[in-house]
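**Student:** This structure is in structure tokens; I'll ask about it shortly.
Rule-based calculations on the coordinates, nothing more; no lab input. On a predicted model such as this, the values are computed, not experimentally measured, just so you know. Glycine gets a Cβ as well: all are built from the backbone with ideal geometry, and neighbour counts include every protein chain shown.
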Amino acid sequence: MTKAWTEPGDPNKPNEDWYGVTEDAAAAVVLDGGTARTGTGCIHGVAWYAHQLGSALIHKLPGQLPLPEILAAAIHHVADQHRHTCDLGHPGTPSAAVGIARRTSDSQWDCMVLGDITIIVQTRQGLVLLEDTRISYSAGEYRKIADQWPIGSAEKDAALVDMKYQELAERNKTYWISAADPTAATHAFSQTTHGVQELAILTDGAARASAFGLADWPGILDLLSHADPAQLIRVVRANEASDPAGQRWPRNKQSDDATAIYLTMLPSHRAAEK
């Protein structure tokens, strides 16, 4: 069984997250488009990039190719779609974090993340967490400055732009993310997991449930098993609304695009375990 939900952080702006599931539900993809605070050199935008990359991944996932090779091919494919109209060498060219899970047997899954996507896997042996936190260590001093200011203030906005320029200077050097260079895929974190019973893929907007201390990773899986991803995101939104200036939970914006996919390999769901 598969359940999924995505929604923008701001209903007046395009959702730069994207998700997709193959027809046989044997693979799932979640993307989190990188927020553009500077020029990008691209006429299309981040939401377009995420949609094109996600669609290419879903098309290429069936088969046996390793996930990093599939991601590299998808990045190259999307670059070919706009290299004649856009400046792909621009430091701010659209980018996206990527999370992929693909079933290789009844209870064995290959998982991969590049950028700040989290995959939670419950196996018969215990919980497995696959995440890429490298971007959180980039532009460190700039992040500290931005966190000092309330969301919505002119000081916060200016600090975020300064932080973004430093992030872009470090992109695909101290952290890696899908943009226009296929070699970034070689820096993805991959893992083959056996005895899989259920798994979830979250963008950082949905993973705020953990960052805010609202639930640990097993708790998030439990919520998803009994409710649905929309409920998880509603919990996050309620807590974001209680802290609009980001004083309790310092962050870049009040609400971020949020996406979660949940897959279970247990036909009777968790009822059989209760």
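**Student:** Can you tell me which of Lys144, Lys253, Lys156 moves the most in a GNM of the chain? Springs connect C-alpha atoms under 10 Å apart.
**Tutor:** Taking springs between Cα atoms under 10 Å, the residue moving most is Lys144.
**Student:** Separate question: Could you go through the stretch 9-18 in sequence order and give the Karplus-derived ³J(HN,Hα) for each residue, using 6.51 cos²θ - 1.76 cosθ + 1.60 with θ = phi - 60°, rounded to whole Hz, and x for Gly and Pro?
**Tutor:** x, 10, x, 8, 10, x, 6, 9, 7, 7
**Student:** Among the Cys residues of the chain, which have no other cysteine Cβ under 4.7 angstrom away?
**Tutor:** Cysteines lacking a close Cβ partner in the chain: Cys111.
**Student:** Moving on. Return the sequence-ordered ³J(HN,Hα) values of the stretch 190-198 in whole Hz as given by the Karplus equation 6.51 cos²θ - 1.76 cosθ + 1.60 applied to θ = phi - 60°, using x for Gly and Pro.
**Tutor:** 10, 7, 9, 10, 9, x, 6, 10, 7
**Student:** Continuing with the same structure: Taking amide hydrogens as modeled 1.01 Å from N in the peptide plane, which residues meet the under 5 Å criterion relative to Thr104, leaving out close sequence neighbours?
**Tutor:** Residues meeting the amide H criterion: Trp109, Asp110.
**Student:** Contact order normalised by length for the stretch 1-64, with contacts defined as Cα pairs under 8 Å and 6 or more residues apart; what percent is it? Display every interim value, and only then the final one.
**Tutor:** Numbers: 68 pairs, mean separation 19.4, N = 64.
Computed value for the stretch 1-64: 30 percent relative contact order.
**Student:** Mind sorting out which of (1) 0.96; (2) 0.94; (3) 1.00 is the real Rg/Rh (Cα atoms, Kirkwood Rh) computed from the coordinates?
**Tutor:** (1)
**Student:** Roughly how many Å is it from the Cα centre of the stretch 181-225 to that of the stretch 50-107, as a whole number?
**Tutor:** 19 Å
**Student:** Using modelled amide H (1.01 Å from N, peptide plane; none on Pro or chain starts), what sits under 5 Å from the amide H of Glu198, excluding residues fewer than 5 places away?
**Tutor:** Gln122, Met265
**Student:** Using a basic spin-label model with each label point 7 Å from the Cα along Cα→Cβ, how many nm lie between Leu214 and Asp147?
**Tutor:** Output for this residue pair reads 2.0 nm.
**Student:** Can you order the peptides 80-86, 117-123 by their average number of other Cβ atoms within 10 Å per residue, highest first? Please report the intermediate quantities before stating the final value.
**Tutor:** Numbers: 80-86: 13.3, 117-123: 23.9.
Highest to lowest by the protection proxy: 117-123, 80-86.
**Student:** Related question: Pulled fully out, how much extra length does the chain show between Gln81 and Asp24, if you take 0.36 nm times their separation in residues and subtract their Cα-Cα distance?
**Tutor:** Details: separation 57, 0.36 × 57 = 20.52 nm, distance 2.74 nm.
Contour length minus Cα-Cα distance gives 17.8 nm.
**Student:** Follow-up question, since we're still on this one. Determine ³J(HN,Hα), in whole Hz, for all residues of the stretch 108-124 in sequence, where each value follows from phi through the Karplus function 6.51 cos²θ - 1.76 cosθ + 1.60 and θ = phi - 60°; x replaces Gly and Pro.
**Tutor:** Using θ = phi - 60°, the values come out as 10, 10, 8, 10, 8, 10, 9, x, 7, 10, 10, 10, 10, 10, 9, 10, 5 Hz.
**Student:** Identify all lysines with a Cα-Cα distance to Lys253 below 24 Å; exclude those on the same chain that are fewer than 8 residues away in sequence.
**Tutor:** Within reach: Lys13, Lys144, Lys156, Lys164.
**Student:** Right, next: Would you mind computing, in nm to one decimal, how far apart the modelled labels at Thr35 and Leu129 are, each placed 7 Å from Cα along Cα→Cβ?
**Tutor:** In this crude label model, Thr35 to Leu129 measures out at 2.3 nm.
**Student:** If you don't mind, another one. In debye to the nearest 20, how big a dipole does the chain give about its Cα centre with +1 on each Lys and Arg Cβ and -1 on each Asp and Glu Cβ? Please report the intermediate quantities before stating the final value.
**Tutor:** On the way: 23 positive and 33 negative charges, 32 e Å.
That gives a dipole near 160 debye.
**Student:** Compute the distance in nm between two label points, each set 7 Å from the Cα along the Cα-to-Cβ direction, one at Glu155 and one at Asp10.
**Tutor:** 2.1 nm
**Student:** Given a 10 angstrom Cα cut-off, can you work out which residue in Arg143, Arg237, Arg134 is the most mobile in a GNM of the chain?
**Tutor:** Result: Arg134 has the largest fluctuation of those listed.
**Student:** Top mean-square fluctuation among Gln52, Gln64, Gln166, Gaussian network model of the chain, C-alpha springs under 10 Å?
**Tutor:** In the Gaussian network model the winner is Gln64.
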